[in-house]
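K.L.:
Below is one structure. I have some questions about it.
The values are calculated or read from the model by the stated rules, or taken from the named source; none is laboratory data. These numbers were taken from a predicted model, which means no experiment stands behind them. Positions of Cβ are backbone-derived with ideal geometry, glycine not excepted, and every protein chain shown enters the neighbour counts. When the accessible area is computed, the model is the full protein with side chains, heavy atoms only, and any ligands, DNA or RNA have been set aside. Shrake-Rupley method; radii C 1.70, N 1.55, O 1.52, S 1.80 Å.
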Amino acid sequence: MFGYADVEKLRGACAPRSAVLSLYLAVPLDPAGIRGLAAGAVELMACAVGLAGGTEDDHRVRARVEAADREAVLGVLAAHGRDWAGHTVAFFACRELGLFEVLPLPCLLPGRAVLASRPYIRPLLAAVQRCPDYRVAIADREHARVLSVSGSRVQTTATQVDRGPRSSGFGGWYGLQAHRTQRRIIELGRHHYRDTAAILERAAAGGHMPLVIGGHHDSIAGLLRALPAAAREQFAGSFHADPHSLTEARVRELAGPVIGRWVARRERELAEEVLAGAPGRLAAVGLPACLAAVGRGAVDRLLVPDDGMIPGFVCDCCGALDASRGECPGCGTAMRPVPDLLEEMVQRTLDDDGRVSVVRDAPFSVAAKLRFPVTARRAPASR
Ligand SMILES: [Zn+2]
(Lines give C-alpha, C1' and ligand atoms only; values in the text may rest on other atoms or scores of the structure.)
Protein backbone atom coordinates (compact mmCIF):
# COMPACT_ATOMS: atom_id res chain seq x y z
CA MET A 1 0.00 0.00 0.00
CA PHE A 2 0.93 3.62 -0.58
CA GLY A 3 2.72 5.27 2.37
CA TYR A 4 5.72 7.23 3.65
CA ALA A 5 8.10 4.76 1.98
CA ASP A 6 6.81 5.93 -1.43
CA VAL A 7 7.33 9.55 -0.43
CA GLU A 8 10.90 8.84 0.70
CA LYS A 9 11.67 6.95 -2.52
CA LEU A 10 10.47 9.89 -4.61
CA ARG A 11 12.44 12.34 -2.49
CA GLY A 12 15.58 10.58 -3.68
CA ALA A 13 14.91 11.58 -7.33
CA CYS A 14 16.46 14.80 -8.58
CA ALA A 15 16.98 16.17 -12.10
CA PRO A 16 18.99 19.38 -11.72
CA ARG A 17 19.29 19.99 -15.47
CA SER A 18 15.78 19.04 -16.53
CA ALA A 19 12.34 18.83 -14.97
CA VAL A 20 10.34 16.14 -13.23
CA LEU A 21 6.62 16.19 -14.07
CA SER A 22 4.36 15.71 -11.03
CA LEU A 23 0.73 15.32 -12.06
CA TYR A 24 -2.13 14.87 -9.60
CA LEU A 25 -5.28 13.86 -11.40
CA ALA A 26 -8.67 13.31 -9.75
CA VAL A 27 -10.49 10.43 -11.46
CA PRO A 28 -14.27 10.94 -11.33
CA LEU A 29 -16.70 8.16 -10.41
CA ASP A 30 -19.14 8.62 -13.29
CA PRO A 31 -18.46 7.05 -16.72
CA ALA A 32 -18.90 10.39 -18.52
CA GLY A 33 -16.16 11.88 -16.36
CA ILE A 34 -13.86 8.93 -17.11
CA ARG A 35 -14.28 9.60 -20.84
CA GLY A 36 -13.01 13.15 -20.32
CA LEU A 37 -10.05 12.00 -18.23
CA ALA A 38 -7.36 12.22 -20.91
CA ALA A 39 -8.55 15.71 -21.91
CA GLY A 40 -8.39 16.79 -18.26
CA ALA A 41 -4.83 15.43 -17.95
CA VAL A 42 -3.72 17.20 -21.15
CA GLU A 43 -5.21 20.47 -19.89
CA LEU A 44 -3.47 20.20 -16.50
CA MET A 45 -0.13 19.37 -18.12
CA ALA A 46 -0.54 22.28 -20.55
CA CYS A 47 -0.90 24.59 -17.53
CA ALA A 48 1.92 22.94 -15.54
CA VAL A 49 3.48 25.32 -13.09
CA GLY A 50 7.23 25.43 -13.47
CA LEU A 51 10.17 27.52 -14.36
CA ALA A 52 11.17 26.99 -17.96
CA GLY A 53 10.75 30.16 -19.96
CA GLY A 54 10.41 32.33 -16.87
CA THR A 55 10.59 36.08 -17.25
CA GLU A 56 12.02 38.72 -15.00
CA ASP A 57 8.61 39.59 -13.61
CA ASP A 58 7.00 36.21 -13.32
CA HIS A 59 9.22 33.28 -12.51
CA ARG A 60 6.27 30.96 -11.92
CA VAL A 61 5.05 30.45 -15.43
CA ARG A 62 3.64 27.73 -17.58
CA ALA A 63 6.33 25.25 -18.38
CA ARG A 64 6.43 22.69 -21.15
CA VAL A 65 6.02 19.05 -20.26
CA GLU A 66 8.34 16.77 -22.25
CA ALA A 67 6.38 15.02 -25.01
CA ALA A 68 7.68 11.59 -23.95
CA ASP A 69 6.54 12.11 -20.35
CA ARG A 70 3.13 13.36 -21.49
CA GLU A 71 2.63 10.38 -23.82
CA ALA A 72 3.65 7.93 -21.08
CA VAL A 73 1.06 9.43 -18.71
CA LEU A 74 -1.69 9.32 -21.35
CA GLY A 75 -0.85 5.73 -22.25
CA VAL A 76 -1.23 4.54 -18.66
CA LEU A 77 -4.43 6.56 -18.25
CA ALA A 78 -5.99 4.95 -21.33
CA ALA A 79 -5.15 1.47 -20.02
CA HIS A 80 -6.03 1.88 -16.32
CA GLY A 81 -7.97 5.13 -15.86
CA ARG A 82 -11.29 3.47 -15.03
CA ASP A 83 -9.67 1.31 -12.33
CA TRP A 84 -9.03 4.47 -10.31
CA ALA A 85 -12.57 5.93 -10.29
CA GLY A 86 -13.13 7.98 -7.15
CA HIS A 87 -9.42 8.40 -6.41
CA THR A 88 -6.66 10.82 -7.23
CA VAL A 89 -3.76 9.32 -9.13
CA ALA A 90 -0.28 10.80 -8.90
CA PHE A 91 2.16 10.49 -11.81
CA PHE A 92 5.86 11.31 -11.54
CA ALA A 93 7.71 11.26 -14.83
CA CYS A 94 11.14 12.26 -16.05
CA ARG A 95 12.56 10.37 -18.99
CA GLU A 96 16.05 11.70 -18.34
CA LEU A 97 16.04 10.12 -14.86
CA GLY A 98 14.28 6.96 -16.04
CA LEU A 99 11.56 7.89 -13.56
CA PHE A 100 7.96 6.85 -14.11
CA GLU A 101 5.89 6.25 -11.00
CA VAL A 102 2.10 5.95 -10.82
CA LEU A 103 0.52 6.09 -7.38
CA PRO A 104 -3.25 5.71 -6.95
CA LEU A 105 -3.93 7.65 -3.74
CA PRO A 106 -6.45 6.53 -1.12
CA CYS A 107 -8.37 9.81 -1.28
CA LEU A 108 -9.43 12.63 -3.61
CA LEU A 109 -7.13 15.64 -3.93
CA PRO A 110 -7.32 18.65 -6.26
CA GLY A 111 -5.73 18.26 -9.71
CA ARG A 112 -2.37 19.91 -10.24
CA ALA A 113 0.70 19.67 -12.49
CA VAL A 114 4.14 20.90 -11.45
CA LEU A 115 7.49 20.83 -13.22
CA ALA A 116 10.46 21.08 -10.91
CA SER A 117 13.86 19.53 -10.35
CA ARG A 118 12.28 17.03 -7.94
CA PRO A 119 8.92 15.26 -7.56
CA TYR A 120 6.38 17.57 -5.94
CA ILE A 121 5.37 15.79 -2.74
CA ARG A 122 3.20 18.12 -0.65
CA PRO A 123 -0.09 16.57 -1.91
CA LEU A 124 1.35 13.09 -1.30
CA LEU A 125 2.03 14.00 2.32
CA ALA A 126 -1.57 15.24 2.63
CA ALA A 127 -2.82 11.89 1.32
CA VAL A 128 -0.65 9.86 3.72
CA GLN A 129 -1.80 12.03 6.60
CA ARG A 130 -5.52 11.97 5.72
CA CYS A 131 -5.82 8.28 4.96
CA PRO A 132 -3.68 6.59 7.59
CA ASP A 133 -3.62 2.87 8.20
CA TYR A 134 -5.61 2.12 11.36
CA ARG A 135 -6.91 -0.62 13.61
CA VAL A 136 -10.49 -1.36 14.57
CA ALA A 137 -11.51 -3.36 17.63
CA ILE A 138 -15.02 -4.80 17.59
CA ALA A 139 -16.10 -6.07 20.98
CA ASP A 140 -19.04 -7.41 22.92
CA ARG A 141 -18.97 -9.18 26.30
CA GLU A 142 -17.71 -12.46 24.88
CA HIS A 143 -16.18 -11.84 21.48
CA ALA A 144 -13.62 -9.45 20.15
CA ARG A 145 -12.09 -8.92 16.74
CA VAL A 146 -9.19 -6.73 15.82
CA LEU A 147 -9.00 -5.61 12.19
CA SER A 148 -6.36 -3.64 10.36
CA VAL A 149 -7.38 -1.26 7.58
CA SER A 150 -4.94 -0.07 4.94
CA GLY A 151 -6.51 1.89 2.08
CA SER A 152 -9.34 -0.28 0.78
CA ARG A 153 -7.88 -3.47 2.30
CA VAL A 154 -9.41 -4.79 5.53
CA GLN A 155 -7.98 -7.77 7.35
CA THR A 156 -8.98 -9.47 10.61
CA THR A 157 -5.73 -9.84 12.54
CA ALA A 158 -6.95 -11.32 15.86
CA THR A 159 -10.07 -12.82 17.35
CA GLN A 160 -10.83 -13.44 20.99
CA VAL A 161 -13.65 -15.54 22.49
CA ASP A 162 -14.38 -15.81 26.21
CA ARG A 163 -17.40 -17.99 26.95
CA GLY A 164 -19.65 -16.75 29.77
CA PRO A 165 -21.25 -19.14 32.30
CA ARG A 166 -23.39 -21.93 30.78
CA SER A 167 -26.99 -21.07 30.33
CA SER A 168 -27.98 -23.62 33.03
CA GLY A 169 -26.45 -21.17 35.49
CA PHE A 170 -29.37 -18.88 34.82
CA GLY A 171 -31.93 -21.70 35.42
CA GLY A 172 -34.69 -19.99 37.33
CA TRP A 173 -32.56 -19.08 40.34
CA TYR A 174 -32.87 -15.87 42.17
CA GLY A 175 -31.15 -14.54 45.27
CA LEU A 176 -27.60 -15.71 46.02
CA GLN A 177 -27.13 -17.92 42.97
CA ALA A 178 -28.33 -15.23 40.62
CA HIS A 179 -26.10 -12.71 42.35
CA ARG A 180 -23.06 -15.03 41.97
CA THR A 181 -23.88 -15.60 38.32
CA GLN A 182 -24.19 -11.88 37.74
CA ARG A 183 -20.82 -11.23 39.42
CA ARG A 184 -19.24 -14.00 37.39
CA ILE A 185 -20.54 -12.44 34.17
CA ILE A 186 -19.14 -9.05 35.14
CA GLU A 187 -15.76 -10.59 36.07
CA LEU A 188 -15.63 -12.55 32.83
CA GLY A 189 -16.51 -9.39 30.96
CA ARG A 190 -13.66 -7.49 32.61
CA HIS A 191 -11.28 -10.37 32.01
CA HIS A 192 -12.35 -10.49 28.36
CA TYR A 193 -11.82 -6.73 27.86
CA ARG A 194 -8.39 -7.04 29.52
CA ASP A 195 -7.44 -9.83 27.10
CA THR A 196 -8.61 -7.77 24.15
CA ALA A 197 -6.81 -4.71 25.52
CA ALA A 198 -3.62 -6.80 25.78
CA ILE A 199 -3.90 -7.69 22.07
CA LEU A 200 -4.28 -3.98 21.28
CA GLU A 201 -1.36 -3.08 23.54
CA ARG A 202 0.89 -5.55 21.73
CA ALA A 203 -0.29 -4.12 18.41
CA ALA A 204 0.29 -0.55 19.66
CA ALA A 205 3.90 -1.41 20.53
CA GLY A 206 4.49 -2.05 16.81
CA GLY A 207 4.10 1.66 15.98
CA HIS A 208 1.59 4.47 16.23
CA MET A 209 -1.63 3.67 14.44
CA PRO A 210 -5.02 5.18 15.31
CA LEU A 211 -7.55 2.86 16.92
CA VAL A 212 -11.32 2.84 16.41
CA ILE A 213 -13.61 0.81 18.68
CA GLY A 214 -16.98 -0.42 17.43
CA GLY A 215 -19.81 -2.20 19.21
CA HIS A 216 -22.57 -1.54 21.72
CA HIS A 217 -22.21 1.41 24.06
CA ASP A 218 -21.28 -0.65 27.18
CA SER A 219 -18.72 -2.78 25.29
CA ILE A 220 -16.98 0.33 23.95
CA ALA A 221 -16.84 1.78 27.46
CA GLY A 222 -15.66 -1.54 28.94
CA LEU A 223 -12.85 -1.94 26.44
CA LEU A 224 -11.80 1.70 26.77
CA ARG A 225 -11.53 1.31 30.56
CA ALA A 226 -9.30 -1.74 30.12
CA LEU A 227 -6.95 -0.09 27.59
CA PRO A 228 -3.43 0.60 28.89
CA ALA A 229 -2.08 4.13 28.43
CA ALA A 230 -0.06 3.37 25.27
CA ALA A 231 -3.04 1.93 23.41
CA ARG A 232 -5.41 4.55 24.84
CA GLU A 233 -3.28 7.33 23.33
CA GLN A 234 -4.04 5.85 19.93
CA PHE A 235 -7.82 5.88 20.44
CA ALA A 236 -9.34 7.95 17.63
CA GLY A 237 -13.07 7.44 18.27
CA SER A 238 -15.85 4.89 18.21
CA PHE A 239 -18.99 3.86 16.33
CA HIS A 240 -22.09 2.07 17.54
CA ALA A 241 -23.14 -1.12 15.75
CA ASP A 242 -24.29 -4.65 16.43
CA PRO A 243 -20.95 -6.55 16.42
CA HIS A 244 -22.52 -9.77 15.09
CA SER A 245 -23.77 -8.27 11.85
CA LEU A 246 -20.57 -6.46 10.89
CA THR A 247 -18.74 -7.56 7.76
CA GLU A 248 -15.17 -6.36 7.14
CA ALA A 249 -16.44 -4.02 4.41
CA ARG A 250 -19.07 -2.56 6.76
CA VAL A 251 -16.42 -2.05 9.47
CA ARG A 252 -14.41 0.07 7.03
CA GLU A 253 -17.52 2.04 6.02
CA LEU A 254 -18.29 2.86 9.65
CA ALA A 255 -14.72 3.44 10.86
CA GLY A 256 -13.62 5.59 7.88
CA PRO A 257 -15.61 8.70 8.90
CA VAL A 258 -14.37 8.30 12.51
CA ILE A 259 -10.78 8.42 11.23
CA GLY A 260 -11.64 11.35 8.94
CA ARG A 261 -12.95 13.39 11.91
CA TRP A 262 -9.92 12.40 14.01
CA VAL A 263 -7.49 13.57 11.29
CA ALA A 264 -9.34 16.90 10.88
CA ARG A 265 -9.36 17.39 14.68
CA ARG A 266 -5.61 16.75 14.88
CA GLU A 267 -4.96 19.27 12.10
CA ARG A 268 -6.96 21.92 13.99
CA GLU A 269 -5.24 21.10 17.29
CA LEU A 270 -1.76 21.34 15.74
CA ALA A 271 -2.58 24.73 14.20
CA GLU A 272 -4.01 26.00 17.52
CA GLU A 273 -0.99 24.68 19.43
CA VAL A 274 1.46 26.53 17.18
CA LEU A 275 -0.57 29.75 17.27
CA ALA A 276 -0.80 29.53 21.07
CA GLY A 277 2.99 29.04 21.21
CA ALA A 278 3.72 31.89 18.81
CA PRO A 279 4.03 34.58 21.48
CA GLY A 280 6.74 32.41 23.05
CA ARG A 281 9.94 31.54 21.24
CA LEU A 282 9.38 27.97 20.11
CA ALA A 283 6.93 28.70 17.33
CA ALA A 284 7.19 30.54 14.03
CA VAL A 285 4.22 31.90 12.10
CA GLY A 286 4.35 33.42 8.62
CA LEU A 287 6.81 33.11 5.75
CA PRO A 288 9.82 35.18 6.96
CA ALA A 289 9.87 33.54 10.41
CA CYS A 290 9.52 30.05 8.93
CA LEU A 291 12.16 30.63 6.23
CA ALA A 292 14.57 31.69 8.98
CA ALA A 293 13.69 28.66 11.11
CA VAL A 294 14.06 26.23 8.19
CA GLY A 295 17.40 27.85 7.28
CA ARG A 296 18.70 27.18 10.78
CA GLY A 297 17.44 23.57 10.88
CA ALA A 298 15.24 24.57 13.83
CA VAL A 299 11.92 23.14 12.67
CA ASP A 300 10.48 20.29 14.70
CA ARG A 301 7.16 20.28 12.83
CA LEU A 302 6.29 22.36 9.77
CA LEU A 303 2.62 23.17 9.18
CA VAL A 304 1.75 23.93 5.56
CA PRO A 305 -1.63 24.63 3.93
CA ASP A 306 -2.90 21.99 1.54
CA ASP A 307 -3.25 24.35 -1.41
CA GLY A 308 -1.58 27.43 -2.85
CA MET A 309 2.04 27.87 -3.87
CA ILE A 310 4.52 30.60 -2.95
CA PRO A 311 7.10 31.18 -5.70
CA GLY A 312 10.56 32.04 -4.44
CA PHE A 313 14.29 31.54 -4.78
CA VAL A 314 16.95 29.17 -3.58
CA CYS A 315 20.71 29.63 -3.34
CA ASP A 316 22.50 26.64 -4.86
CA CYS A 317 25.66 27.62 -3.03
CA CYS A 318 24.54 27.72 0.62
CA GLY A 319 20.95 26.46 0.35
CA ALA A 320 19.31 29.68 1.56
CA LEU A 321 15.63 30.16 0.67
CA ASP A 322 14.17 33.57 0.01
CA ALA A 323 10.95 35.13 -1.23
CA SER A 324 12.63 37.91 -3.21
CA ARG A 325 14.86 37.83 -6.27
CA GLY A 326 18.43 38.98 -5.95
CA GLU A 327 21.69 37.93 -4.39
CA CYS A 328 21.72 35.39 -1.59
CA PRO A 329 21.66 37.28 1.71
CA GLY A 330 23.94 34.59 3.13
CA CYS A 331 26.71 34.28 0.54
CA GLY A 332 26.02 36.82 -2.20
CA THR A 333 25.48 34.24 -4.98
CA ALA A 334 22.70 34.85 -7.52
CA MET A 335 19.63 32.86 -6.47
CA ARG A 336 17.67 30.40 -8.62
CA PRO A 337 13.86 30.59 -8.87
CA VAL A 338 11.74 27.72 -7.52
CA PRO A 339 7.99 27.27 -8.14
CA ASP A 340 7.02 26.78 -4.50
CA LEU A 341 8.81 27.81 -1.33
CA LEU A 342 6.37 25.74 0.75
CA GLU A 343 7.56 22.61 -1.06
CA GLU A 344 11.20 23.62 -0.56
CA MET A 345 10.56 24.11 3.17
CA VAL A 346 8.82 20.72 3.36
CA GLN A 347 11.82 19.01 1.73
CA ARG A 348 14.31 20.84 3.95
CA THR A 349 12.36 19.99 7.11
CA LEU A 350 12.25 16.29 6.19
CA ASP A 351 16.00 16.39 5.37
CA ASP A 352 16.57 17.68 8.92
CA ASP A 353 14.47 14.86 10.45
CA GLY A 354 11.61 17.24 11.20
CA ARG A 355 7.95 16.38 10.71
CA VAL A 356 5.48 17.96 8.30
CA SER A 357 1.72 18.35 8.68
CA VAL A 358 -0.61 19.54 5.96
CA VAL A 359 -3.44 21.65 7.41
CA ARG A 360 -6.77 22.39 5.70
CA ASP A 361 -8.14 25.95 6.07
CA ALA A 362 -4.92 26.96 7.81
CA PRO A 363 -5.12 30.36 9.55
CA PHE A 364 -1.54 31.12 8.36
CA SER A 365 0.55 30.90 5.16
CA VAL A 366 2.96 28.56 6.96
CA ALA A 367 3.88 27.91 10.61
CA ALA A 368 6.27 25.77 12.60
CA LYS A 369 6.98 24.31 16.00
CA LEU A 370 10.64 24.89 16.72
CA ARG A 371 13.39 22.91 18.43
CA PHE A 372 15.13 26.11 19.54
CA PRO A 373 14.36 29.83 19.21
CA VAL A 374 15.26 31.60 15.96
CA THR A 375 15.07 35.30 15.16
CA ALA A 376 13.82 36.18 11.67
CA ARG A 377 16.08 38.48 9.63
CA ARG A 378 13.23 40.71 8.58
CA ALA A 379 10.25 42.22 10.33
CA PRO A 380 7.42 39.69 10.66
CA ALA A 381 5.05 39.62 7.71
CA SER A 382 1.34 39.06 7.79
CA ARG A 383 0.04 35.54 8.17
ZN1 LIG B 1 23.87 31.51 -0.47
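K.L.:
Counting Lys and Arg as +1 and Asp and Glu as -1, each charge on the Cβ, what is the dipole of region 258-363 about the Cα centre in debye, to the nearest 20?
P.N.:
I would put it at about 260 debye.
K.L.:
Would you be so kind as to identify which of 347, 289, 146 lies farthest towards the positive end of the dipole of the chain, taking Lys and Arg as +1 and Asp and Glu as -1 on Cβ and the Cα centre as origin?
P.N.:
Checked the options; the winner is 146.
K.L.:
Do the sum for the chain: with -39,500 (n - 2.57) for every DSSP H run of n ≥ 4, divided by all residues, what is the mean residue ellipticity at 222 nm, to the nearest 500 deg cm²/dmol? It would help to have the intermediate numbers written out before the result.
P.N.:
Details: 11 runs with 140 residues, N = 383.
Result for the chain, helices only: -11500 deg cm²/dmol.
K.L.:
Compute, for residue 23, the solvent-accessible surface of its heavy atoms (probe 1.4 Å) with the complete set of protein chains present, and express it in square angstrom to the nearest 10.
P.N.:
Roughly 0 Å² of residue 23 is accessible to a 1.4 Å probe.
K.L.:
Quick check: the angle from helix 248-277's long axis to the longest principal axis of the chain, C-alpha only, nearest 10 degrees?
P.N.:
That helix lies at roughly 60 degrees to the long axis.
K.L.:
If you roll a 1.4 Å probe over the heavy atoms of the protein chains, what accessible area per residue do you get for the chain, in Å²?
P.N.:
On the way: 19180 Å² over 383 residues.
It amounts to 50 Å² per residue over the chain.
K.L.:
Find me the longest stretch of the chain that has none of the exposed GluC sites (Glu not before Pro), where exposed means in a DSSP loop (not H, G, I, E or B) with at most 12 other Cβ atoms within 10 Å.
P.N.:
With a cap of 12 other Cβ atoms within 10 Å, the longest stretch comes to 57-232.
K.L.:
If DNA, RNA and ligands are ignored and the probe is 1.4 Å, what is the ranking of 4, 193 by accessible area, most exposed first?
P.N.:
4, 193
K.L.:
So how much accessible area does residue 238 have, in Å² to the nearest 10, using a 1.4 Å probe?
P.N.:
Solvent-accessible area, nearest 10 Å²: 50 Å².
K.L.:
Taking the Cα centre of the chain as origin, sum charge times position over the Cβ atoms of Lys and Arg (+1) and Asp and Glu (-1), and report the length of that vector in debye to the nearest 20.
P.N.:
1140 debye
K.L.:
For the chain, set up a GNM with springs between Cα atoms under 10 Å and report which of 280, 312, 256 has the largest fluctuation.
P.N.:
Most flexible of the set in this elastic network: 280.
K.L.:
Hey, any idea what % of region 214-270's accessible area is carbon plus sulfur with a 1.4 Å probe?
P.N.:
Values: 1520 of 3010 Å².
The computed percentage sits at 50.
K.L.:
Related question: Report, to the nearest 10°, how far helix 217-226 tilts away from the longest principal axis of the Cα atoms in the chain, using its own Cα long axis and a range of 0 to 90°.
P.N.:
80 degrees
K.L.:
Any idea of residue 370's accessible area? Nearest 10 Å², probe 1.4 Å.
P.N.:
So the heavy atoms of residue 370 present about 20 Å² to solvent.
K.L.:
Now a separate question. Only Cα pairs within less than 10 Å get springs; with that Gaussian network setup on the chain, which residue of 202, 70, 82 has the largest fluctuation?
P.N.:
Ranking 202, 70, 82 by mean-square fluctuation puts 202 first.
K.L.:
Angle between the Cα long axis of helix 176-205 and the longest principal axis of the chain, 0 to 90 degrees, nearest 10?
P.N.:
Roughly 20 degrees, rounded to the nearest 10.
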